[in-house]
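Everything on this sheet refers to the single structure shown next.
What follows is calculated from the coordinates using simple rules that are stated; it is not laboratory data. All values reported here derive from a predicted model rather than from experimental measurement. Methodologically, a virtual Cβ is constructed for each residue, glycine included, from the backbone with ideal geometry; neighbour enumeration extends over all protein chains shown.
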Amino acid sequence: MVKKSRFGQILINREVIDEETLEKALKIQSEESDPNGRMLGEILVNDFKVDHHAVFGLLAEMYAFRTTEIDPAKIDQSQIKHTRELLNKFPEDFKKELLYKKVLPYQLTLGRRNTLIVLAANPTDKIIERIPVYTDFKKYEVVYCRLTTLSDLIEIISPQKNEFLDLLEEVSDQMNEVREREEESAVDEYALDEEINKSLLVNLFEGCLIEAVRKGASDVHIIPYEKTNTDFYFRIDGRLTLWHRQDNTSPEAMAAVVKDRATGVDRFERDTAQDGFAQRTVDGHLIRFRISIVPIISAEYERRFESVVIRVIDDRNVITDMKKLGFQEQAERDFLKAIGKSRGIILLTGPTGSGKSTTLMAALYYVMDPSLNVLTCEDPVEYVIRGARQIKISHKLTFDEAIRSILRHDPDVVMVGEIRDKITAETAIKLANTGHLTLSTLHTNDAPSAISRLYKMGIETFLLAYAINIIIAQRLVRQLCDNCKKPLSQEKYPVALEMGLTMEELESGQIFEASEKGCKKCNNGYKGRLTICEALYFTPEIRKAIVESGAEIDEQLIRSIAEKQGMISIKDSGLDRIRNGLTSITEVTYATSED
Ligand SMILES: [Zn+2]
C-alpha cells in the first residue's frame, strides 16, 4: 500500500503537480525498498521532470529554511577565496560528494560559536548531517539556494574537473619532451613514444566520453582528418560541432584505442562494420555508449581508416511524464485520449532525430501498469524500461522472428520500435484488432502520408481505418537562448510575412532570432530543443474517408477534415512557437522544409 504524503498534498494544492503524478511517484518510492531510497522530491524532479525550484523551494518554505538569492555574476574575489578555503578543510572525497549533491559550505559567520553557512539546493539532504562528523564545524545553518544559482556558484568556486583531460595535457608535455630528446640522442625512443602515445589516446577517449555526457551530446563522431589527425565532433541539440582535433597521431592508432576500450568488437578487424558497447560512471550516473565502427575510404590507398560514431545513452534524458513532452494543447489532449484506450495503434512519424523515441518512451511510461504485460520489440534496444519485458534481438532471434512471437506471448501493450515492412505492419494491425494497445514509429514526413505509406505496404483501407487511434508527426526545433536572443531584424520581415506572421506581430518585438555568436550559456544562440507536431486523431469522419478511398489515399482530403476538426499542422505548430518567442523562423523552416 502506498503511503500518503503531506508534502505531496501541498504540491498538489499549489498546482505544482497533479494527483496522478503524485500517485505514480509515491508508488515508485514504495517500490524502492532501499532504506536510503530517494525522497519524493527527488523522484518528482528526476523521473517526472518537475521543476527543481518548484519542489524544493516549497520544501524549504515548509520547513522554514532561510533562503538566499545570490547573483553568481556579482560574487567578489574575497568571497570566492573564503569559500575555497572552507572547502579545503573538508576531506577530498566528502567534498566531492557534497558538491555533487549541490551542497556548498559557503561562509563562516563568526560569533560566540562560529556558524558555518551551508547553501543547499535540497536543504533536507541527509549528507548535511555528516558535516560535523568529517570536520571541526560543529554548528551550521542550512540555507536554501536555487539549484541553477548553486550550480553556477559551484562552477565558479570549484570548477568541474575532467581528470582524463588533465592527464592528457601532462602526457602531451611528456611527448614533446621525448621529441626534443630524440633529436639529440640515438637511444631507441620509439617504444617509449608508442607507450606515451597510447596513454595519451586513452585519456583523450575517456575524457571525450565524460565531456560528451556533461555537454549533453547525443553522439560523438571520431573521424580521420588527413594522414595524422583525428577530429572529434559532438552532436548537441541535433547539430555536429567540432570538439577537438588531435594532431600528430595516426587515425589508425586512435581507432585501435576505441576498439580496445569497447566490448564486443574485434580490434584486428578493420574491413567490416562493427557494433560495440561501453559503459562508464560519469558524475555518479551510469552512462551507456553504443559504438558503431565502419571502414571508410582514404585518399591513400594503403591506409585503413575507420569512422567511429558513439551514441550516448543517458537514462536521465528519458521523459517519463507525458506532460513534460511539451506538446501543444490540441496535440496533448488528443494524444492522451488515444493512449487512454485499451486497444489500437499509436503511430509516431518523422525523420531520424525528430524525437519519436522520446515521445514513444513517455507514452509507454504513461500506460505502464504492473497488472499489464508490456512487451517491447526494438533493434537495438536503447533504454532499459523498468516494468517492461524487452525482447532481446540477436543473431539467434531476429527482429522478424521476434515480431512473430509477440502475439503468442500474451501481451497487453506492445511497443514495436519501427514499422519497416509488411510483416511488422500486419502484426501491428493484428495486435490492435485483437484488443492490444500498440505503439510504433514510421518514417514519413507528416501524419496523412503515414496512412498512404501503410496502404502502399499492402494493408487494406478498412483495416487501417479502424486499427489506428492517432498518428503524430513531429520534429524538434532548437530553442532560442533566453539570455541572448534578439528581436527579428527588419531584412527578414519578408520571409516572416510569407510564413504567415503579421506585420503587427513583427513590430511587437516579440518575434526573435538567434544572436550569431551566442553567449556562454548557449550554443550559437540556441539552448535545448522543443517539439513541434501535428496530431491526427482518428475520428469517425477520418475513418470513413479512409475506408472510402479509391485506388489511392487522398492525403489532402484527410488533412482538410482533420484541420476542420481542430488539428494544428506542423507548420502552424512551429508558427505558434515563433509567436511565443521560443524558436526562430530559420529553425521552423529548416525542420519543415522537406514537406
Ligand atoms: Zn545565449
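With a Förster radius of 60 Å applied to the beta-carbon distance between L407 and R112, the computed FRET efficiency rounds to 0.20. Helices in the chain that qualify as membrane-span-like (whole DSSP H runs, Cα extent of at least 30 Å along the helix axis, mean Kyte-Doolittle hydropathy of 0.0 or higher) are 190-214.
As a length-normalised measure over Cα pairs under 8 Å and 6 or more apart, the relative contact order of the chain settles at 9 percent.
Listed from fewest to most Cβ neighbours within 10 Å, the set D76, D266 follows the order D76, D266.
Secondary-structure-derived ellipticity at 222 nm for the chain, considering helices only, amounts to -12000 deg cm²/dmol, per-run term -39500 (n - 2.57) for DSSP H runs with n ≥ 4.
At the listed q of 0.18, 0.29 Å⁻¹, the Debye profile of region 282-348, built from one uniform point per Cα, gives log10 I(q)/I(0) equal to -0.85, -1.22.
When each of R84, R113, R235, R478 is scored by the number of other beta-carbon atoms lying within 10 Å, the sequence from fewest to most is R113, R84, R235, R478.
Express in nm, to one decimal, how much length is gained between I297 and D283 on full extension, taking 0.36 nm for each residue of separation and deducting their alpha carbon distance. Don't skip to the answer; put the middle values down first.
On the way: separation 14, 0.36 × 14 = 5.04 nm, distance 3.74 nm.
Contour length minus the Cα-Cα distance gives 1.3 nm.
Over region 493-554, the alpha carbon radius of gyration divided by the compact-protein estimate 2.2 N^0.38 Å works out to 1.93.
If you place +1 on the Cβ of every Lys and Arg and -1 on the Cβ of every Asp and Glu, how big does the dipole about the Cα centre of the chain come out, in debye to the nearest 20?
Dipole magnitude for the chain comes out near 2280 debye.
With Cα atoms as the point set, region 37-149 shows a radius of gyration and Dmax of 14.3, 45 Å. Once the chain from Y100 to Q77 is taken as fully extended at 0.36 nm per residue, the excess over their C-alpha distance is 6.0 nm. On the basis of the beta-carbon distance and an R0 of 35 Å, K341 and I12 show a calculated FRET efficiency of 0.85. Loop-located GluC sites (Glu not before Pro) in region 1-107 (DSSP state other than H, G, I, E, B) with a sparse environment of at most 12 neighbouring Cβ atoms within 10 Å: E15, E32, E69. Its relative contact order, with pairs defined as Cα atoms under 8 Å and 6+ residues apart, puts region 423-501 at 27 percent. Here the extension length gained between K486 and R66 equals 147.5 nm, from 0.36 nm per residue of separation less the Cα-Cα distance.
Scoring 531-538, 326-333 by mean Cβ neighbours within 10 Å over their residues and listing the highest first yields 531-538, 326-333.
According to the Cα-based calculation, Rg over Rh for region 21-79 is 1.15, with Rh computed by the Kirkwood formula.
Can you compute the charge dipole magnitude of region 163-316 about its Cα centre, using +1 on each Lys and Arg Cβ and -1 on each Asp and Glu Cβ, nothing else charged? Give it in debye, rounded to the nearest 20.
1120
Here, region 163-316 yields an orientationally averaged convex hull projection of 9.9 nm² when only Cα atoms define the hull. For F462 and D51, the FRET efficiency from 1/(1 + (r/R0)^6), where r spans their Cβ atoms and R0 equals 51 Å, is about 0.65. Using alpha carbons only, the radius of gyration of the chain set against its Kirkwood radius gives Rg/Rh = 1.00. Listed as lacking a disulfide-compatible partner in the chain: C145, C208, C377, C533, by the criterion of no other cysteine Cβ under 4.7 Å.
Take every Cα pair under 8 Å whose residues are at least 6 apart in sequence, average their separation, divide by the length of region 192-336, and the relative contact order is 19 percent.
Taking amide H atoms as placed 1.01 Å from N in the peptide plane, the amide H of E418 lies under 5 Å from those of T441, each 5 or more residues away in sequence or on another chain. Between the residues A299, H244, A273, the greatest Cα displacement towards the positive end of the dipole of region 163-316, with unit charges on the Cβ of Lys, Arg, Asp and Glu, is found for A273. Ignoring aspartates and glutamates fewer than eight residues from K138 along the same chain, the ones with Cα atoms less than 20 angstrom from its Cα are E85, E92, D93, E97, D125, E129. When the pairs K396/K456; K456/K571; K102/K520; K456/K544; K486/K520 are compared against a 23 Å limit on Cα-Cα distance, K396/K456; K456/K571 fall above it.
Measuring against 20 Å, Cα to Cα, the residue pairs K215/K521; K323/K392; K323/K356; K324/K564; K324/K527; K324/K356 contain K323/K392; K324/K564 as the ones spanning a longer distance. For region 278-284, backbone phi angles converted through the Karplus equation (6.51, -1.76, 1.60; θ = phi - 60°) give residue-by-residue couplings of 8, 9, 9, 9, 10, 6, x Hz, Gly and Pro being listed as x. Report the normalised scattering of region 225-358 as log10 I(q)/I(0) at q = 0.10, 0.14, 0.16 Å⁻¹, calculated by the Debye formula with identical scatterers on the alpha carbons. So the normalised log intensities work out to -0.51, -0.82, -0.96.
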